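Peer 1: Dropping the structure in here first, questions after.
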């Protein structure tokens with residue numbers, strides 16, 4: 001049986017930037033929330049799309065050749081294999097929907113990279 005979860009409250013309670021936490025799962029996808037600020041890293045997910053929904057603040061997703069600007073309540077799907085770099089000039093809260101096979105920073109490992117075990121930790 002599922003529990004009622006508030007993505008807004010859960011994201012607000014996080015104490016680390018760029019450390020997504022799994023709050024639910026639907027079939028082969030995880031629903032995650034994260035508190036972000038600054039830049040993550042240029043990366044891609046070869047076989048998975050990645051959905052970003054801004055819960056609070058503003059997010060820019062840089063991609064080769066373009067960028068999208070997302071405001072509170074807006075979402076964007078980064079298609080599989082597209083190199084991208086999420087950037088939040090100020091603190092931003094996001095919800096992510098990703099296949100369970102999606103690696104946090106895809107094809108690169110940086111200091112901010114989190115393992116799936118870290119993302120599954122209790123909030």
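The values are calculated or read from the model by the stated rules, or taken from the named source; none is laboratory data. The shown structure was predicted, so the numbers you read here are calculated from the model rather than taken from an experiment. Note that we place each Cβ from the backbone using ideal geometry, even for glycine, and neighbour counts take in every protein chain shown.
Peer 1: Could you list, in sequence order, all residues of the range 68-98 that are surrounded by fewer than 16 Cβ atoms within 10 Å (Cβ to Cβ), within 12 Å of the chain's Cα centre (by Cα) and closer than 22 Å to residue 9 by Cβ?
Peer 2: 75
Peer 1: Return the residue satisfying two criteria in turn: it lies in the range 42-67 and is outside any strand (DSSP E or B) and at negative phi, and of such residues it is farthest from the chain's Cα centre (by Cα).
Peer 2: Top of the filtered list is 64.
Peer 1: Can you find a residue that is farther than 22 Å from residue 106 by Cβ, in contact with a strand residue (DSSP E or B) (Cβ under 8 Å, 6 or more places away or on another chain), at pLDDT 95 or above and surrounded by 15 or more Cβ atoms within 10 Å (Cβ to Cβ) anywhere in the range 33-52?
Peer 2: no
Peer 1: Looking at (1) touching a strand residue (DSSP E or B) at 6+ places or on another chain (Cβ under 9 Å); (2) closer than 21 Å to residue 6 by Cα; (3) modelled with pLDDT of 95 or more, which is the one condition that is false for residue 122?
Peer 2: Of the numbered conditions (1) touching a strand residue (DSSP E or B) at 6+ places or on another chain (Cβ under 9 Å); (2) closer than 21 Å to residue 6 by Cα; (3) modelled with pLDDT of 95 or more, the odd one out for residue 122 is (3).
Peer 1: Just need a number here: residues in the range 1-14 that are at pLDDT 95 or above and surrounded by fewer than 16 Cβ atoms within 10 Å (Cβ to Cβ).
Peer 2: The total comes to 5.
Peer 1: Quick check: is even one residue across the range 14-25 more than 14 Å from residue 57 (Cβ to Cβ), assigned to a loop (DSSP other than H, G, I, E, B) and touching a helix residue (DSSP H, G or I) at 6+ places or on another chain (Cβ under 9 Å)?
Peer 2: Yes, some residue in the range 14-25 is more than 14 Å from residue 57 (Cβ to Cβ), assigned to a loop (DSSP other than H, G, I, E, B) and touching a helix residue (DSSP H, G or I) at 6+ places or on another chain (Cβ under 9 Å).
Peer 1: Scan the range 101-119 for residues that are exposed (fewer than 13 other Cβ atoms within 10 Å of the Cβ) and either modelled with pLDDT of 95 or more or outside any loop (DSSP other than H, G, I, E, B) (or both) and jot them down.
Peer 2: 117
Peer 1: So if I check each of 77, 33, which one is within 21 Å of residue 3 (Cβ to Cβ), touching a residue at least 12 places away in the same chain (Cβ under 8 Å) and part of a strand (DSSP E or B)?
Peer 2: That would be 33, the only listed residue that is within 21 Å of residue 3 (Cβ to Cβ), touching a residue at least 12 places away in the same chain (Cβ under 8 Å) and part of a strand (DSSP E or B).
Peer 1: Turning to a different aspect of this structure: Would the range 69-86 turn up any residue that is under 18 Å from residue 25 (Cβ atoms) and at pLDDT 95 or above?
Peer 2: No, the range 69-86 contains no residue that is under 18 Å from residue 25 (Cβ atoms) and at pLDDT 95 or above.
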